[in-house]
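What follows is one structure encoded as C-alpha cells, with my remarks underneath.
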Amino acid sequence: MSYWQKARAEIDEAVNGHFDTPEYKRLFGVKITQKRNEVINRHYPHYIKSRRDCWGAAQVKAPLDVKRAIWEHEKDELIWDERLGGAHLTDDDMAGAAAEATLLPGARAAIYGWLYLCTTRSWIESLMINHVTVRGGGFTERLAMKQVADLFGSVDKLSANTKVHMVADIEHSNMFEPVFERHLTDERTTRLVVNAAMDSLALDRAYRNALAVAMMEIPE
C-alpha cells in the first residue's frame, strides 16, 4: 500500500464524518428562508475568492507538474468554463460583493485562517488544505438540494454557478489523486498532509457554523 493510499483512507473517513459534526448539523438543520439565504449569498463571493487566493499560494511553492495541475483546476474558476459561459468568479462579482468588513467575524477568521495556513505550510500541505474542502464534491450538492427543498422548490431556480459547481466540484476532487500518489513518498510528509487536512476541515466547520448561527438568529 502506498503512502497516499494510507493517507487517503484516513482523510476520507474524516471527510465523510464532516457532515455529522455539530457545526454541519446546525447548518443543515436550520430552514433556509429568503432572508437566511442572503447570509449565504453575502459570504459566497468572499469564500470563493479566498479559495482562489489559497490555491494561488499553493501553486507558488509547488513543483512544475503540480503548478500545471493547479492551473488546470483554476482555469474553470478564473478564466472560462464552457458550461457556464464564463469564469466561476469574475471582477464584476467581487465589485458587487459586500465589503469584507461586513462579513461575520467567525467567517472572516476562517477565511484568514485558510490563507495563513496556505502561506506558512509546505506546498503539499497547502495543496491538501485546499483540496480537502472539495474532496468528494458533496457540499455544494447537499446545500443546493436543501435550498430547493426549503426555498426554491425546483432545481431550475438554482443559480447557473451552483448547478455547474455540483458537477465541477466532483471533477476537481479527482484531479489531484495522481499528484498525491506521486509526491507522498515518506511517513513524515504523509502525517503532515493528513494533519493539514484536519486543520482545514476545522476551519471549514468554523466557517459553516458562523453562517448557521447567523441564520438561526433570523426569524422564519
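So here's what we get for this one:
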| read-out | value |
| --- | --- |
| Complete set of residues in the stretch 78-92 that are free of Cβ contacts under 8 Å to residues at least 12 places away in the same chain, of a type in the set (A, V, I, L, M) and either part of a helix (DSSP H, G or I) or surrounded by fewer than 13 Cβ atoms within 10 Å (Cβ to Cβ) (or both) | ILE79 |
| Within the stretch 125-164, considering residues that are of a type outside the set (A, V, I, L, M, F, W, C) and not in a helix (DSSP H, G or I), the one surrounded by the most Cβ atoms within 10 Å (Cβ to Cβ) | ARG135 |
| The stretch 113-155, residues that are under 14 Å from the mean Cα position of the chain (by Cα), hydroxyl-bearing (Ser, Thr, Tyr) and within 25 Å of LYS61 (Cβ to Cβ) | SER126, THR133 |
| Residue list for the stretch 1-17, restricted to those being small (Gly, Ala, Ser) and either at pLDDT 95 or above or assigned to a helix (DSSP H, G or I) (or both) | ALA7, ALA9, ALA14, GLY17 |
| Conditions (1) assigned to a helix (DSSP H, G or I); (2) exposed (fewer than 12 other Cβ atoms within 10 Å of the Cβ); (3) under 18 Å from the mean Cα position of the chain (by Cα); number of the one not met by ASP20 | (1) |
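Per-residue answers, yes or no, for (1) among the hydrophobic types (A, V, I, L, M, F, W, C); (2) touching an Asp or Glu at 6+ places or on another chain (Cβ under 7 Å); (3) part of a helix (DSSP H, G or I); (4) over 25 Å from ASP199 (Cα atoms):
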{"site": "VAL60", "(1), (2), (3), (4)": "yes, no, yes, no"}
{"site": "TRP71", "(1), (2), (3), (4)": "yes, no, yes, no"}
{"site": "ASP76", "(1), (2), (3), (4)": "no, no, yes, yes"}
{"site": "MET94", "(1), (2), (3), (4)": "yes, no, yes, yes"}
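The values are calculated or read from the model by the stated rules, or taken from the named source; none is laboratory data. A quick note: this is a predicted structure, and the numbers were derived from the prediction, not measured. Please note: Cβ atoms are built from the backbone with ideal geometry, for glycine as well, and neighbour counts cover all protein chains shown.
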